[in-house]
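Data block below; observations after.
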Amino acid sequence: MPPDEQMGQEGSMETSSSGPRNMPSGDVQPVEYEEPSHWCSIVYYELNNRVGEAYHASSTSVLVDGFTDPSNNKNRFCLGLLSNVNRNSTIENTRRHIGKGENKRARGATSAKVNRATY
């Protein structure tokens, strides 16, 4: 039986649309929306193991690639900088296909990605 329906005393169905039950109306307060400091977070995994810290994109465009970037470009997440002592040959071969990676862009309330990887 759906949670907002209950049996009446004569066995008829009663439907309530008044919202959640057992919640005092004095406990409800509005919450203001705050724009997040970043529009996306990127977390890199190798098999089931997370590698490195999450990357938080604050600019409207971010490039994710398999190279290294010693200039510390804030609009680029370079997987080549991440090391993993448990990396095996299968993972190494997979990483080689990342190459130029992909470019992610935020446009208003939507986002797009352009695949630049080699296959």
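Summary of values
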{"read-out": "Test: Gly52 is more than 20 Å from Ala112 (Cβ to Cβ), under 18 Å from the mean Cα position of the chain (by Cα) and touching a residue at least 12 places away in the same chain (Cβ under 8 Å)", "value": "yes"}
{"read-out": "For Glu53: the one exception among (1) closer than 25 Å to Glu35 by Cα; (2) part of a helix (DSSP H, G or I)", "value": "(2)"}
{"read-out": "Residue within region 77-97 that is among the acidic types (Asp, Glu), without any contact (Cβ under 8 Å) to a residue 60 or more places away in the chain and touching a strand residue (DSSP E or B) at 6+ places or on another chain (Cβ under 8 Å) present", "value": "no"}
{"read-out": "Residue ID - modelled with the lowest pLDDT, chosen from residues in region 93-116 that are part of a loop (DSSP other than H, G, I, E, B) and of a type outside the set (A, V, I, L, M, F, W, C)", "value": "Gly108"}
{"read-out": "Candidate set from region 56-113 (those that are among the β-branched types (Val, Ile, Thr) and more than 14 Å from Ser41 (Cα to Cα)); member that is surrounded by the fewest Cβ atoms within 10 Å (Cβ to Cβ)", "value": "Val85"}
{"read-out": "Any hit, region 65-73, residues being in contact with a Lys or Arg (Cβ under 8 Å, 6 or more places away or on another chain), at pLDDT below 85 and not aliphatic (A, V, I, L, M)", "value": "yes"}
{"read-out": "All positions within region 72-92 that are hydroxyl-bearing (Ser, Thr, Tyr) and in a loop (DSSP other than H, G, I, E, B)", "value": "Ser83"}
{"read-out": "Any chance Arg107 is within 18 Å of the chain's Cα centre (by Cα), within 25 Å of Glu35 (Cβ to Cβ) and basic (Lys, Arg)", "value": "yes"}
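The values are calculated or read from the model by the stated rules, or taken from the named source; none is laboratory data. Keep in mind the model is a prediction, meaning the values are calculated, not measured. Using ideal geometry, Cβ is built from the backbone for each residue, glycine included, and neighbour counts are taken over all protein chains shown.
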